[in-house]
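The values are calculated or read from the model by the stated rules, or taken from the named source; none is laboratory data. None of these values were measured; they are calculated from a predicted model. Counting neighbours? That spans all protein chains shown, and the Cβs are built from the backbone with ideal geometry, glycine included. Quick note on the areas: whole protein, heavy atoms, side chains included, nothing else; ligands and nucleic acids left out. Shrake-Rupley method; radii C 1.70, N 1.55, O 1.52, S 1.80 Å.
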Amino acid sequence: MQLSDALRLRIKLLLKENDMKVWDLCKVTGIPCSTLSTFLTGKSKLLKLNTILHICEGLNIQLKDFFADENFFDVEDD
């Protein structure tokens, strides 16, 4: 699986688990909705690590927990 696809799937799963929409995540993290929407729709393949850290903070999880998912076990560079 491509890294960007694994990231996209993980964020969507965490949103679902937390009963949140992209808009909710934008509000709690301060990340522009355009940044998240562009990434989650696949129009962008780049997501900075500090953006992922802000997502984790907004979801009250640690960065290690974000990446502790089977989708990241065999990822490939985009």
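Summary table
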item: Dipole of the chain, positive direction: furthest Cα of CYS56, VAL75, THR41, with charges on the beta-carbon; result: THR41
item: Burial ranking of peptide ranges 61-74, 19-32, 1-14 (average Cβ count within 10 Å, highest at the top); result: 1-14, 19-32, 61-74
item: Accessible area per residue in Å² at 1.4 Å probe, computed on the chain; result: 65
item: Estimated translational D of the range 1-66 in µm²/s (Stokes, Kirkwood radius over Cα pairs; 20 °C; 1.002 mPa s); result: 183
item: Cα centre as origin, Lys/Arg/Asp/Glu Cβ charges: the chain dipole, Debye; result: 400
item: Chain lengthening between LYS21 and GLU57 when straightened (0.36 nm per residue, less Cα-Cα); result: 11.4 nm
item: Student exercise, the range 35-78 dipole from Lys, Arg, Asp, Glu Cβ charges, in Debye to nearest 20; result: 320
item: Inter-probe distance in nm under a simple model that places probes 7 Å from Cα toward Cβ, at ASN50 and MET1; result: 2.8
